[in-house]
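Visitor: Just passing along the structure, written as structure tokens.
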Amino acid sequence: MEATAKQLRIKTSAVKRLGKEVTHYEKEAADHETKLKAMQAEGKDQYDIRAQQRLLEESMVMIPDSKRRYEVALEDLTALVEEYEAEEELAEKIAEARAVLPNCAEA
């Protein structure tokens, strides 16, 4: 059971971290896009605009990968929770895991 508790803790932390990462990249992309539009409206130097465009593209490339890894982590954690939800010794870890799972009603 100790190994399972450790896996629950690791997978719960991974879901939290990857969720934050997805949010960060989406916010970063929105910020870069806003800045790029402002630079274009102000008629900034083309070199600066292209540099900002590259930053936006880099952020946009990271979003699908981060979402994919987040979804895989969610699936892994969901499967682990479903497998061990009846174990009394793991009730606390299961509750923590359920708290980070979206659309997961407490049982």
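The values are calculated or read from the model by the stated rules, or taken from the named source; none is laboratory data. No experiment lies behind these values; they were computed from the predicted model shown. Methodologically, a virtual Cβ is constructed for each residue, glycine included, from the backbone with ideal geometry; neighbour enumeration extends over all protein chains shown. All accessible areas refer to the heavy atoms of the entire protein, side chains included, with ligands and DNA or RNA removed. Shrake-Rupley method; radii C 1.70, N 1.55, O 1.52, S 1.80 Å.
Visitor: Going by the structure shown, is Lys27 exposed (fewer than 14 other Cβ atoms within 10 Å of the Cβ), modelled with pLDDT under 95 and of a type outside the set (A, V, I, L, M)? Break it down into steps so the answer makes sense when it comes.
Guide: On the way: exposed (fewer than 14 other Cβ atoms within 10 Å of the Cβ): yes; modelled with pLDDT under 95: no; of a type outside the set (A, V, I, L, M): yes.
Answer is no for this residue.
Visitor: Search segment 24-36 for residues that are more than 16 Å from Asp48 (Cβ to Cβ) and pair each with any residue that is open to solvent by less than 90 Å² (accessible area, probe 1.4 Å) and of a type outside the set (A, V, I, L, M) when their beta-carbon atoms are under 8 Å apart and the residues are at least 6 apart or on different chains.
Guide: What qualifies is Tyr25/Ser59; Tyr25/Ser66; Glu28/Ser59; Ala29/Ser59.
Visitor: Which condition does Tyr84 not pass, out of (1) open to solvent by less than 70 Å² (accessible area, probe 1.4 Å); (2) of a type in the set (Ser, Thr, Tyr); (3) under 23 Å from the mean Cα position of the chain (by Cα), if it passes all the others?
Guide: Status for Tyr84: all satisfied but (3).
Visitor: Being over 21 Å from the mean Cα position of the chain (by Cα) and either without any contact (Cβ under 8 Å) to a residue 12 or more places away in the chain or within 14 Å of Ile10 (Cβ to Cβ) (or both) is the filter here; which residues of segment 87-97 pass it?
Guide: Keep residues of segment 87-97 that are over 21 Å from the mean Cα position of the chain (by Cα), which gives 87-92.
Glu88, Leu90, Ala91, Glu92 - these are the residues of segment 87-97 that are over 21 Å from the mean Cα position of the chain (by Cα) and either without any contact (Cβ under 8 Å) to a residue 12 or more places away in the chain or within 14 Å of Ile10 (Cβ to Cβ) (or both).
Visitor: So which residues in segment 11-23 are free of Cβ contacts under 8 Å to residues at least 24 places away in the same chain and open to solvent by 80 Å² or more (accessible area, probe 1.4 Å)? First the steps, then the outcome.
Guide: Going through segment 11-23, the residues free of Cβ contacts under 8 Å to residues at least 24 places away in the same chain turn out to be 13, 17, 20, 23.
Across segment 11-23, the qualifying residues are Arg17, Lys20, Thr23.
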